[in-house]
1. I'd like to check which helices (runs of 4 or more DSSP H) are fully inside the stretch A:86-151 and have at least 1 residues that are under 28 Å from residue B:273 (Cα atoms), more than 14 Å from every other protein chain (Cβ to nearest Cβ) and among the hydrophobic types (A, V, I, L, M, F, W, C).
2. With the structure loaded, tell me whether residue B:144 is surrounded by 15 or more Cβ atoms within 10 Å (Cβ to Cβ), within 11 Å of chain A (Cβ to nearest Cβ) and assigned to a helix (DSSP H, G or I) or whether it fails that test.
3. Restricting attention to the stretch B:245-262, does a residue exist that is surrounded by fewer than 23 Cβ atoms within 10 Å (Cβ to Cβ), over 24 Å from residue A:263 (Cα atoms) and within 14 Å of another protein chain (Cβ to nearest Cβ)?
4. For the stretch B:216-229, state whether one or more residues are surrounded by 24 or more Cβ atoms within 10 Å (Cβ to Cβ), at the interface with chain A (Cβ under 10 Å from one of its Cβ atoms), in contact with a Gly (Cβ under 8 Å, 6 or more places away or on another chain) and under 22 Å from residue A:136 (Cα atoms).
5. Would you mind finding the one in A:57, A:159, A:88, A:124 that is under 22 Å from residue A:191 (Cβ atoms) and either aromatic (Phe, Trp, Tyr) or without any contact (Cβ under 8 Å) to a residue 24 or more places away in the chain (or both)?
6. For the stretch B:35-65, what are the residues that are assigned to a loop (DSSP other than H, G, I, E, B), of a type in the set (Ser, Thr, Tyr) and closer than 13 Å to residue B:88 by Cα?
7. If you take the residues of the stretch B:31-78 that are over 30 Å from residue B:286 (Cβ atoms) and small (Gly, Ala, Ser), which of them is surrounded by the most Cβ atoms within 10 Å (Cβ to Cβ)?
8. Tally the residues that are assigned to a helix (DSSP H, G or I), more than 10 Å from every other protein chain (Cβ to nearest Cβ) and surrounded by fewer than 18 Cβ atoms within 10 Å (Cβ to Cβ), restricting the search to the stretch A:284-299.
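The values are calculated or read from the model by the stated rules, or taken from the named source; none is laboratory data. Since we're looking at a predicted model, the values are computed, not measured. Backbone-built Cβ (ideal geometry, glycine too); neighbour counts: all protein chains shown.
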Amino acid sequence: MQRYIVMRAGQSIIALIILSMIIFALGRFTGDPIILLLPQEASQETEDAIRAHYGLDQPWPIQYWKFISNAARFEFGVSIKSKRPVMDLIGPKVMNSLRLGLAGMAITLIIGIPLGVLAAVKRDTFFDGGAKLIAILGQSLPQFWVGIMLIQFFTVQLDLLPAAGTGGFTHYIMPAFTLGWWVAAAVMRLLRSSMLDALDGEYIKMARIKGLPEYKIVWKHTFKNALIPVLTFAGTYLATFITGAILVETVFAWPGLGRLVYDSIIWRDFPVLQTLVMMIAAVVITVNLAVDIAYAYIDPRIRYN
Amino acid sequence: MATTSTALAGRPAFRQRGKQAAEALRRAPLIPLAIIVIVVFTATFAPLLTPHSTTQPSLADRLTPPVWQEGGSWENPLGTDALGRDLATRLMYGGRVSMLVAVFTLAIGGGIGTAIGLVSGYFGGRVDAICMRSADSTLAFPIILFAILLVVAVGPNLANVVVAIALVLWARYARVIRGEVLALKERDFIARARVAGCSHLRILLFHLFPNTVNTLLVLLTLQVGWVIIVEASLSFLGAGIPPPTPAWGSMVSDGREYVDTAWWVSAIPGLAIMLTVVAFNLFGDWLRDTLDPKLRQVS
């Protein structure tokens, strides 16, 4: 087990290093940052002086080392648009995104789990058909468009819900729903098929012969086992969620990190964008590591493979 | 039917297969197929089908509603956008962008993924471990972020969007094709090919690859929809195809400011995305059930 954890953590660190190298290399493509800092009439000497001041006359490996050691101290440079340190822009938005993300996940679980179980238990009935329809729509509807259509209906036509920004409970309804149901469709489909597999198991037959009540068979014996394959995809779901959050926060003008991604695209604000990508990547890689370790803990077959 | 029974020996099986093929065709999803044909046809022949320009503004006609609504006319059957450009025209040309991106990304991403999957499954060992770890990391990373980063650093255009999406796409092909190869390489015909002195390259290209084509075809069809949505999302965020070239995602984005006055500007391109994606997904489902039912569990 310890060997597995060390190996897996090593892989995560390598992934982070490769990613930081790619980001650093891409940063070189955005053009010479000196041009942005200098007044137009600056002489060659001032340019050289400033270049030396920012360390841009150093060879690349040294520049990369500086980039990494600054990143380790949460110093990510200055935003091109607002001229403020990047961390000052990101800090206040973290909680907003976290709140919306949790609300979205709640929606995913509330829709995805009961429907997935129901579709499997009542196979080939009305429920199964309905669940299939939701799954197909979930895979085919562009999230940003669903958001706009919800605004169209609930804000413009019915004047029921606020279209943008944060505030009370009502501000969460549309963004959280738009964010959550996409992943809900995926969770539901996977849970349905793994429930069907589990229901075929010998131990379920045994439980039936024992005369256990149906709810116990479904929720205690089948559901628990059916959940394992769903959990395997936790990392993939998280990735989908983050992609979704960028789109949803943009549509609903939610003051979070996703909206900041959008703003930095519009302003071509590379320092902000690279920081966001680095941070999100670190979170995703850590979560994946945690999921894998937890998984190896539950299922011994993995750690010996 | 005056044939002898010996002559008929091979026939029932043949007839059975014919019946199966007819049955599969009978269950072919006609509506999705029709949608796919319409999208591909209008995208290909867009310049011949419409008299309007995609980029030329016509401020007198701005925000004309679609023909079925009051104030609409057959001049602009689906209405116009905020600059007075014909929506139907932009929709057809936008379809072109979606189809082009889909074809190129699937060719590049699918090609690289298949190659990696073949090599990874066939050679196994350390090569396999590295390839599959990379594929898993790619799948578990919100790659749209990476695509955005690339596009912001290098500039948005069709080629960069294709590269960015292909960088994500390869992983799924690598995973599925590798799985196929793992099963195939235990079969007798591969062992015989090796005994006959075939090189590794020959086995990969002429013995293993042809046996994965069905799977590949199904996977390609099932992913057209996904690619269309990713491209539309990038264009929506301003990191895709730059304006004034029409792309479905940026058209939805253009309409955001007018949700209260002109619903059609963002509703109609979104509908186009949805119908096209549903059509490709349903068609892919049918293809999978027909060609390769065991893939059911994979995707």
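1. Filter on the stretch A:86-151 gives A:94-121, A:126-140.
2. Yes.
3. At the first step, the residues of the stretch B:245-262 found to be surrounded by fewer than 23 Cβ atoms within 10 Å (Cβ to Cβ) are B:245, B:254, B:256-262.
Checking which are over 24 Å from residue A:263 (Cα atoms) leaves us with B:261-262.
Then keep just the ones that are within 14 Å of another protein chain (Cβ to nearest Cβ); that gives B:261-262.
Yes, the stretch B:245-262 contains a residue that is surrounded by fewer than 23 Cβ atoms within 10 Å (Cβ to Cβ), over 24 Å from residue A:263 (Cα atoms) and within 14 Å of another protein chain (Cβ to nearest Cβ).
4. Within the stretch B:216-229 (the criterion being surrounded by 24 or more Cβ atoms within 10 Å (Cβ to Cβ), at the interface with chain A (Cβ under 10 Å from one of its Cβ atoms), in contact with a Gly (Cβ under 8 Å, 6 or more places away or on another chain) and under 22 Å from residue A:136 (Cα atoms)), the answer is no, since none of the residues qualifies.
5. Numbers: A:57 fails: under 22 Å from residue A:191 (Cβ atoms); A:159 fails: under 22 Å from residue A:191 (Cβ atoms); A:88 fails: under 22 Å from residue A:191 (Cβ atoms).
The conditions single out A:124.
6. Correct list: B:50, B:53, B:54, B:55, B:64.
7. It comes out as B:72.
8. Of the residues in the stretch A:284-299, 7 are assigned to a helix (DSSP H, G or I), more than 10 Å from every other protein chain (Cβ to nearest Cβ) and surrounded by fewer than 18 Cβ atoms within 10 Å (Cβ to Cβ).
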